Structure formats: C-alpha cells, structure tokens
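Chemist: I am attaching a structure below and will ask some questions about it afterwards.
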Amino acid sequence: MNNTEHKSGFVNIVGNPNVGKSTLMNELVGERISIITNKSQTTRHRIMGIVNEENYQIVFSDTPGVLKPVYKLQESMRKFSESALVDADIMLYITDIFETPDKNEDFLLKVSKSKAPVLLIINKIDLTDQDKLTQIVETWEQRLPKAEIIPCSALTKFNVSYILKRIIELLPAGAPYYDKDQLTDKPVRFFVSEIIREKILLLYQKEIPYSTEVVIEEYNEEAGRDFIRALVLVNRDSQKGIIIGNKGAGIKKLGTESRLEIEKFLQKKVHLELYVKVSKDWRDNDLLLKQFGYNL
C-alpha cells in the first residue's frame, strides 16, 4: 500500500461550552475518550481519539469550550482551542439548537478564515422541530457560508455515521501519523485523573468543580489489582471541607464512585486512595499549571 491509497488527517472539534463536543467525539471514535457532564468547562485539555481502519486513520481532537479567560487555567484552555484552528485538516465546529452565532464572534471569525474545510454540526436536534431547525440552518448559512451544515443528535446518534462518512471523504491522502493500534495520545494516568474529576463535577455544586485539579501521585500495577494514590487540589480550606464532607462521607462517596468507574475503564480491580490538599490560587500558578500539562 502506498501513501496515495491511504488517507489520514487531523479532525479538530471546536465550539462553545456545553454544545456536545465531547459526546460527539466519543461517538465518532467509538470509545469513551472524553469525560461528559452537563457542566461547562468539563474538558480542560486537548484530547486525541484515533480511529484506525485499513485504508484510513482519523486523528480527532476534542478541545475545551471557547470562553473568555478569567484566570491562567482558562487562558491555557483557550490556547488549546485556538491551536486547533491552526493544525486541522478538517474542522468540526459544533453548535446546538439553542446557540446563536453572536455568542463568540471573534472565535467564529477565526473559524471562517480557516483554510481547512469546515463541517458545521448543529447538535441536539432531537430537542426541536423541523420548522425551527430550518430557521437555525438558514441563520448559520448566512454566518458561515463556506461551511457544510449537518444537523445531528450525538445523544441519539442521528447523522453521526453520515458525519464520519463526510470526514473520510474529505481526508487528505497520506500515511498514518500514529501506530494503527493506538487509540489516544494520553497515558492511562490521565484518564484515571479525568474519571475522578468527572465524579467531582457530578457530585459537587457551585464553584467546587471549577476549583479542583486531580493529580495521580502514585500508580503501581500489581497482580490482580492496581494501587492508585490521587491528590485532589482545591483553592481554599472551605472547599477542602466540602470535598471531605461530614465525617468523611463526601470523600468516601467520591472514592467509591471513582473506583468503580476506574475498574470499569481498566477492566481490573483497583485500590484507590484519595487525599485533599489546599493550594491557594493554583489556577494562576504557572509552575503548577505546567506540571498539570497546561500550555501557558
């Protein structure tokens, strides 16, 4: 097989928070690569999911939702999103039936100037009717006239296979960028920390999910059971108390739900230890952010 018979390329998924980017990515890849919650800013990193077939390789990139940064962590998240505009062979701009084009016009302008073909995916169409959808499509046609618009429901999988079909058709010819048995660019430790962070997002309210970072301090693979020690970093003492809960009930529930999900992910038993530590203003600490894998 020579390069002209094989297709490969980078398909970058961008858009505002809470429009279903991670849900669609997981459906396209066929694996649970990105964590999913109903809270904004769930995705903090740029995460690759790789689809391999005999005659093509698609390297998907899920990115954080586009937002106006308040602290350095969010600045890094914004950089992940903007870098995805530069190195894409195909761009998937995800919106939904509730969003209007004026929500983030400066970023949308950059998308419109992309040299890569843009598929504009209108997600969550299972929550509207045909007349309303027609109006939404017409609005986006005026705003991004060069984009190919595809209505979709990532939740019900409507048009997901068609999106994949169009991506394959648009892929440039070339050799694979990664080994054909590789599913992602992230190590197991990353996904374990993301599972714990997902549970924090689901179990705690208000500012807690946005003030925490999960660090895997120790990971030992042992016969029949992996030993994992994870640190939950928070901004303030009061947040530490909320995470731990009354007589430790909060952190016990967090540990149990995280362990069960990690065991499901790893397909083996796990011994998980969780600790909580206060690190004031870690979201603006350059050194810590770099250690956690954020680009500054």
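The values are calculated or read from the model by the stated rules, or taken from the named source; none is laboratory data. Please read these numbers as outputs of a predicted model, since none were measured by experiment. Reconstructed Cβ throughout: ideal geometry from the backbone, glycine too, with neighbour counts over all protein chains shown.
Chemist: Among the residues that make up the range 214-223, is at least one of them in contact with a Gly (Cβ under 9 Å, 6 or more places away or on another chain) and surrounded by 14 or more Cβ atoms within 10 Å (Cβ to Cβ)?
Modeler: Looking for residues that are in contact with a Gly (Cβ under 9 Å, 6 or more places away or on another chain) and surrounded by 14 or more Cβ atoms within 10 Å (Cβ to Cβ), one finds none in the range 214-223, hence no.
Chemist: Could we say that Leu254 is over 30 Å from Ile121 (Cβ atoms), touching a Gly at 6+ places or on another chain (Cβ under 9 Å), buried (at least 20 other Cβ atoms within 10 Å of the Cβ) and among the hydrophobic types (A, V, I, L, M, F, W, C) here?
Modeler: yes
Chemist: Let me ask something else. If you check Asp179, Asp185, which single one turns out to be at pLDDT below 95 and of a type outside the set (A, V, I, L, M, F, W, C)?
Modeler: Asp185
Chemist: Could you grab me the full set of residues in the range 16-69 that are surrounded by fewer than 19 Cβ atoms within 10 Å (Cβ to Cβ), of a type outside the set (Val, Ile, Thr) and over 13 Å from the mean Cα position of the chain (by Cα)?
Modeler: Within the range 16-69, Gly30, Asn52, Glu53, Glu54, Asn55, Tyr56, Leu67, Lys68, Pro69 meet the criteria.
Chemist: Residues Ser153, Ser161: which one is in contact with a helix residue (DSSP H, G or I) (Cβ under 6 Å, 6 or more places away or on another chain), more than 23 Å from Ser83 (Cα to Cα) and either of a type in the set (Gly, Ala, Ser) or without any contact (Cβ under 8 Å) to a residue 12 or more places away in the chain (or both)?
Modeler: It is Ser153.
Chemist: Take residues that are of a type in the set (Phe, Trp, Tyr) and tell me which of the helices (runs of 4 or more DSSP H) falling wholly in the range 177-266 contain 1 or more.
Modeler: Once the helices (runs of 4 or more DSSP H) in the range 177-266 are filtered for at least 1 residues that are of a type in the set (Phe, Trp, Tyr), what remains is 188-203, 249-266.
Chemist: Taking the stated definitions as given, is Ser279 assigned by TED's automatic domain parsing to the domain that holds Glu194 and closer than 21 Å to Ser34 by Cα?
Modeler: No: the conditions fail for Ser279.
Chemist: Which of the residues that make up the range 113-129 are out of contact with any Lys or Arg (no Cβ under 7 Å at 6 or more places or on another chain) and either modelled with pLDDT under 95 or not in a helix (DSSP H, G or I) (or both)?
Modeler: Listed by number, the residues that qualify are Lys113, Ser114, Lys115, Ala116, Pro117, Leu120, Ile121, Ile122, Asn123, Lys124, Thr128, Asp129.
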